[in-house]
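The values are calculated or read from the model by the stated rules, or taken from the named source; none is laboratory data. From a predicted model like this one, the values you see are computed outputs, not experimental measurements. Here the Cβ positions follow ideal geometry from the backbone for every residue, glycine too, while neighbour counts run over all protein chains shown.
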Amino acid sequence: MEKKKFYLTTAIAYTSGKPHIGNTYEIILADAVARFKRAQGYDVFFQTGTDEHGQKIELKAAEAGVTPKEYVDNVAGEVKRIWDLVNASYDKFIRTTDEDHERQVQKIFKKLYEQGDIYKGSYEGLYCTPCESFWTESQLVDGKCPDCGREVKPAKEEAYFFRMSKYADRLIAHINAHPEFIQPVSRKNEMMNNFLLPGLQDLCVSRTSFQWGIPVDFDPKHVVYVWLDALTNYITGIGYECGGESSEHFKKNWPADLHLIGKDIIRFHTIYWPIFLMALGLPLPKQVFGHPWLLQGDGKMSKSRGNVLYADELVDFFGVDAVRYFVLHEMPFDNDGVITWELLVERINSDLANTLGNLVNRTISMSNKYFGGVVEDKGAAEPVDEELKAVVLETPKKVVEKMEKLRVADAISEIFALFKRCNKYIDETMPWALAKDESRQDRLATVLYNLVESIAVGASLLESFMPETSQKILEQLNAKKRSIDDMDRYGLYPSGTKVTDQPQILFARLDIKEVMKKVEELHPPVQEEQAAEKEEPKDGNASEGAADGIDIESKEEITFADFEKMQFQVGEIIACEEVKKSRKLLCSQVKIGSQVKQIVSGIKSDYSAEEMVGKKVMVLVNLKPAKLAGVLSEGMLLCAEDAQGKLSLIVPEREMPSGAQIC
């Protein structure tokens with residue numbers, strides 16, 4: 001039986017400079033999807049690459065004193081190095097300077113011109129060089145480019161234009177008939193309401209003010225506009241032949257099953273690209289997914305702001321799979337994610353070192369200690385086993401369901417829920433206690449078999465997201481990777497198999513102080529920051545208050561019975577957003593054990609919604625629900641408040657699991 005195909009692409013990286021971790025997130029996300037589709041039995045073709053033409057590159061090459069081709073060769077090599085570093089399993093890396101791509105772009109431009117979709121005119125408007133886009137005055141935001149926020153300059157030049165309005169109604173009808181075409185839905189609504197329904201203007205598709213581009217072969221003073229050049233890589237890379245017989249590879253794989261792109265270029269992929277395809281008589285891609293941004297603590301990463309993190313630097317600190325885990329797990333489906341050094345350390349310690357690493361290490365160590373490493377199912381089952389088995393059998397189904405919707409972070413959470421259930425199973429069965437009773441040896445063996453079987457399933461599911469870690473776990477268990485189809489049966493781990501003699505530490509716990517010390521050595525604070533740190537507080541009373549403590553009005557004494565009525569637990573904030581129409585409220589989704597509570601807090605003056613995510617906090621769980629600004633709140637986050645009213649969340653001094661009781 002022939003495998004079903006799945007053609008997946010990323011946006012091609014613009015070769016203006018080295019990609020940061022926000023750019024690299026996309027290739028990791030695409031790789032996870034590609035690997036998972038392969039695990040499901042699909043014949044996957046995964047394409048990525050580099051976008052190498054345009055005025056910005058011409059200017060950067062001139063600044064560097066090299067030719068544009070020399071400049072892009074260097075940057076494209078760097079992009080490919082980083083993609084390989086993060087273990088991206090792409091099948092093709094296309095460059096828009098490839099001869100076969102350039103030849104097809106010229107043919108496409110000529111075809112569209114000859115059939116009347118492209119015409120010659122002149123353009124006068126406000127031009128943004130970084131985005132290589134013309135804008136009208138009404139399209140600007142605060143007088144600047146609506147896409148990147150930079151300055152625009154008046155410009156006029158002869159240009160070729162594409163008649164976008166000719167295909168607009170057809171595109172609107174397609175989007176309405178295929179609700180899955182643009183995801184998430186918020187992106188679809190944005191494109192329809194802001195661009196398509198108000199009416200499309202014709203699009204400039206050539207330039208004469210610079211030379212670094214693909215020449216229009218019948219009018220050589222023009223070069224093809226970057227988006228007509230770049231977008232067509234999705235078909236030229238798989239053998240499209242304009243005006244001729246396309247390759248079997250193209251016929252097999254087109255239309256693309258998924259274009260995975262950043263939300264900032266959704267317009268080009270869901271309006272311009274489909275219209276180009278309609279004009280060429282080609283089917284449209286099945287789905288375009290505009291993923292959110294990965295923000296560095298205080299906002300979008302920007303070299304000019306000096307807040308850029310790079311994948312190779314993070315990998316040097318934490319390892320490839322730890323970085324892959326973090327960016328995949330921390331990115332919500334529809335909202336921006338946040339990355340900081342502190343959050344990375346916290347996640348590695350809690351999820352990777354504790355939940356996963358400690359589980360694997362304990363299980364293998366106990367197997368060696370009690371049975372010389374031989375894992376056998378002795379059939380000594382007890383009711384507690386059934387819940388673990390149910391989780392093992394349900395997890396693959398849940399992961400498939402999440403991945404079908406591209407909810408990758410949720411899919412990973414399901415896998416780690418399985419690992420957490422294994423840890424709970426150890427606490428329930430207490431193998432160390434069973435080992436002391438000679439009559440319970442068969443039960444002990446069965447418990448360890450159940451753990452190894454469960455971990456083998458989880459590790460197999462983990463391969464799409466953390467391939468090296470998955471392989472290490474399976475090798476230590478002496479287990480084969482399971483296919484998705486094989487995960488509907490429990491007990492495939494061969495009884496009598498011997499695990500490794502020496503379990504390998506998968507992830508070592510990190511000391512945040514040591515990590516931050518190394519970070520500061522690599523990135524010394526700028527002089528302005530150092531001066532600010534040394535500057536004395538302007539309010540002398542505030543300084544004294546911080547040193548000597550502050551007094552507050554005493555409340556009525558309570559009894560211990562009063563105190564016992566209050567239930568305090570550790571909660572983990574998994575999502576947070578501002579409450580609309582409120583200047584001080586944040587609404588947090590707080591995971592407490594296996595449940596999630598919505599809690600509204602008046603702390604927006606001291607915390608942004610982004611920095612709340614990932615924090616472990618002290619929660620008053622059994623506070624009667626109430627509505628604040630019309631939003632239901634089901635508990636209270638505990639804070640300290642100084643004399644000036646500045647708030648600080650109460651957090652555990654040491655790493656504690658979500659749901660831990662505070663007493």
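Laid out as a table, the results:
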read-out: Per-region count, region 338-367, residues part of a helix (DSSP H, G or I) and either within 23 Å of Glu520 (Cα to Cα) or in contact with a Ser or Thr (Cβ under 6 Å, 6 or more places away or on another chain) (or both); value: 9
read-out: Only one of Glu528, Glu556, Glu520, Glu564 that is at pLDDT 85 or above and loosely packed, with under 12 Cβ neighbours inside 10 Å; value: Glu520
read-out: Qualifying residue in region 147-167 (condition: buried (at least 18 other Cβ atoms within 10 Å of the Cβ), assigned to a helix (DSSP H, G or I) and touching a Gly at 6+ places or on another chain (Cβ under 7 Å)); value: no
read-out: Some residue of region 186-193 being among the hydrophobic types (A, V, I, L, M, F, W, C), over 32 Å from the mean Cα position of the chain (by Cα) and surrounded by 14 or more Cβ atoms within 10 Å (Cβ to Cβ); value: no
read-out: Filter result for the condition that a residue is part of a helix (DSSP H, G or I), buried (at least 19 other Cβ atoms within 10 Å of the Cβ) and touching a residue at least 40 places away in the same chain (Cβ under 8 Å), over Lys56, Lys107, Lys37, Lys111; value: Lys56
read-out: Residues satisfying the stated conditions in region 231-255, i.e. not polar (S, T, N, Q) and not in a loop (DSSP other than H, G, I, E, B); value: Leu231, Tyr234, Ile235, Glu248, His249, Phe250, Lys251, Lys252
read-out: Residue in region 1-20 that is farthest from Gly239 (Cα to Cα), counting only those that are modelled with pLDDT of 95 or more and among the hydrophobic types (A, V, I, L, M, F, W, C); value: Ala13
read-out: Number of the condition not met by Asn189 [criteria: (1) in a helix (DSSP H, G or I); (2) in contact with a Pro (Cβ under 6 Å, 6 or more places away or on another chain)]; value: (2)
read-out: Test: Ser470 is surrounded by 15 or more Cβ atoms within 10 Å (Cβ to Cβ), at pLDDT 95 or above and more than 27 Å from Met366 (Cα to Cα); value: no
read-out: Scope region 126-146; condition buried (at least 16 other Cβ atoms within 10 Å of the Cβ) and either of a type in the set (Lys, Arg) or in contact with a Phe, Trp or Tyr (Cβ under 9 Å, 6 or more places away or on another chain) (or both); matching residues; value: Leu126, Tyr127, Cys128, Glu132, Ser133, Phe134, Trp135, Cys145
read-out: Selection count, region 115-125, where residues are free of Cβ contacts under 8 Å to residues at least 40 places away in the same chain and either among the basic types (Lys, Arg) or crowded, with 19+ Cβ neighbours inside 10 Å (or both); value: 0
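Here's the yes/no breakdown for (1) basic (Lys, Arg); (2) buried (at least 22 other Cβ atoms within 10 Å of the Cβ); (3) assigned to a helix (DSSP H, G or I):
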position: Gly571; (1), (2), (3): no, yes, no
position: Glu577; (1), (2), (3): no, no, no
position: Lys580; (1), (2), (3): yes, no, no
position: Arg583; (1), (2), (3): yes, no, no
position: Val590; (1), (2), (3): no, yes, no
position: Gln598; (1), (2), (3): no, no, no
position: Lys604; (1), (2), (3): yes, no, no
position: Asn622; (1), (2), (3): no, no, no
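Yes/no matrix, rows are residues, columns are (1) over 24 Å from Leu461 (Cα atoms); (2) in contact with a Gly (Cβ under 9 Å, 6 or more places away or on another chain); (3) hydroxyl-bearing (Ser, Thr, Tyr); (4) surrounded by fewer than 19 Cβ atoms within 10 Å (Cβ to Cβ):
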residue: Leu314; (1), (2), (3), (4): yes, no, no, no
residue: Phe317; (1), (2), (3), (4): yes, no, no, yes
residue: Asp336; (1), (2), (3), (4): yes, no, no, yes
residue: Leu343; (1), (2), (3), (4): yes, yes, no, yes
residue: Ser367; (1), (2), (3), (4): no, yes, yes, no
